[in-house]
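Report on the structure given below.
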Amino acid sequence: MALLDSLPRHLFSSRGWGLLAAGVISLLCAQLMGRRDLLALGVLLVVLPLISLAGIRLVKPRFRVYREFSPSTVETASITTVRLAVARTGPGVGRVIMEERLPTRFGESPAFRFPARSASGGTSRYEYRLRSGKRGQFLIGPVTAEFTDPFGLSLHRHTIDDGDTLTVTPAAVELPATGLAGARGNDGITATRIRANPSDDDVMTREYRHGDPMRRVHWPATARHGVLMVRQEESVTTPEATIILDQRFIAYSTGFGSVFSGAGGDDGHDLVTSDTFEWAVTATMSVSAHLAERNYALRFLDAAGEPAFHRSPSAPEPDNEEYSGAGGLQSIAESLAAIQLSGPHHMRRDHDTARREHAGSTEYGQAVFDDRLIDKLAAHRMRGPVLAVLGKITLAEARSLAPAAGYAANAFAIVISDRPAESHDALEALRLGGWRAVAVDASTSLPAAWTFFDEGGGALSAAAADVRRGAGVAR
């Protein structure tokens, strides 16, 4: 029995190998004893498993697999339920053992029998749960099935679907309510009188309509037009915010081993990321959720002034810059799921060498913090705050970015670095340009960094006091 268990299981079952062994023994005995009946028996015992092996490979059973994730996208550390429905579409076979292939980060792959005991209408349904501690896109499946012939002699395993991609988005951290966004009403909108270059919708007066109160009559306009004119309602606009997300490899790598693959190596969805960049992604998601709850329209740019998500494989609309409402926030979350560091990779070179080779601060040949980014900000000047989530930047880069604060109602910069104290000169350059800037490391509390902005350079909140005593926050 131990000998049978050591034989390859991808061709024959233990029963099949047993028949083959009995057939070979019968043929040897027939040769030695000259018995024709043993010869016939031996041929039958050898041929039967071979015929079953050929048949199960020529007549492959066909199945249809439907896989559903609930929820369809899931935040890190949250649970999604995977529901499988498997239906036979081809000829019947013997018992089938199926297995759902999973990336190693999700643990052991679930196995099940088809048909299930509770199968109805020829469809078997199965359910299991998954949870990932890191963001990314992961291939769930395919389902592999191990078939046997009706006699249980031969085995054959093959995939019966292509699998589906599960998107794990970064979870937002709740941020304290602050006054960073400026004045706004309880409904999250601001009333703004637009005087420069008014559009047709921003007229300050209009003709009197039945029911208008007389207190709104605009007498100078009435005299000028010769008809009764009333003051137009103030133009109500949705507040806007711009988020600049630095994604340059060189800005988040400080030496060998500081950049790593964020996903499992066997699922084909490795992410080039680091602890500091993961902090930046979480900060971006948290700020987006914080502002979206207050009805802000959000605009995302990268350091070169391009759409921030145009290189993210998980982005539903890679070339889109503007997002609003619940649908926009969901699109932002999905776009951040698989975003990664871009630009030249120097995984095995020291950081100083990499910086010398790329001292021009380029990203795929594009200059960063230059006129293209400034022009994008100028097109929406003074319409709302600008938040820059940056990796470690040089003094020259900070000086290039500093004038951008002049196009924002408020300008905030978070510099994420392994050594925040080394960013002092860059922070000063940003502050001289009008930015409120702070440098943090990956261990800094995000709510503490957010509260620092509202305090306008005052003491950090108590939540950040322990971090401030170390190297967590530089001001």
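Taking 0.36 nm per intervening residue step and subtracting the Cα-Cα distance, what contour gain separates Cys29 from Leu432 on full extension?
Separation in residues times 0.36 nm, less the Cα-Cα distance, equals 135.3 nm.
Using the Karplus equation 6.51 cos²θ - 1.76 cosθ + 1.60 (θ = phi - 60°), what ³J(HN,Hα) coupling, rounded to whole Hz, does each residue of region 374-386 give in order, writing x for Gly and Pro?
Computed from phi, the couplings for region 374-386 are 4, 5, 5, 5, 5, 5, 10, 4, 6, 8, x, x, 10 Hz.
What nm value, rounded to one decimal, do you get for the distance between Ser118 and Ala326 when each label is placed 7 Å out toward the C-beta?
According to this spin-label approximation, the distance is 3.0 nm.
Between Ala21 and Thr89, what is the FRET efficiency for a Förster distance of 22 Å, r being their Cβ-Cβ separation, to the nearest 0.05?
Taking R0 as 22 Å, the efficiency between Ala21 and Thr89 is 0.05.
Work out, step by step, the length gained on full extension between Leu11 and Arg209: first 0.36 nm times the residue separation, then minus their alpha carbon distance; give nm to one decimal.
62.6 nm
Check Phe12: other-chain or 5+ apart residues with amide H under 5 Å from its amide H, H built from backbone geometry?
Sorted by chain and number, the residues that satisfy this are Leu155.
Full-extension gain between Glu174 and Val217, please, as 0.36 nm times their residue separation minus the C-alpha to C-alpha distance.
Here the segment from Glu174 to Val217 would lengthen by 10.8 nm.
7 Å from Cα along Cα→Cβ at both Glu293 and Ile79: what's the point-to-point distance in nm?
Roughly 2.5 nm, to one decimal.
Going by Cα centres, region 281-321 and region 395-414 are how many Å apart?
Rounded to whole Å, the Cα centres lie 18 Å apart.
For region 22-95, what does the equivalent ellipsoid look like in terms of its semi-axes, each the square root of 5 times an eigenvalue of the Cα gyration tensor, given largest first in whole Å?
So the equivalent ellipsoid measures 52, 15, 7 Å along its semi-axes.
Say each of Ala111 and Thr165 gets a label point 7 Å from the Cα, pointing the same way as Cα to Cβ; how far apart are those two points in nm?
Each label point lies 7 Å from its Cα, and together they span 3.1 nm.
Test of understanding: extend the Cα→C-beta vector of Ile97 to 7 Å, then name every residue of region 129-165 with backbone N under 14 Å from that spot.
Answer for region 129-165: 144-149, 152-158.
Every read-out reported here was derived from the displayed coordinates using simple, explicitly stated rules and does not represent laboratory data. Note that the structure is predicted; figures quoted are calculated from it, not measured. As a convention, Cβ positions derive from the backbone with ideal geometry for all residues, glycine included, and neighbour counts pool all protein chains shown.
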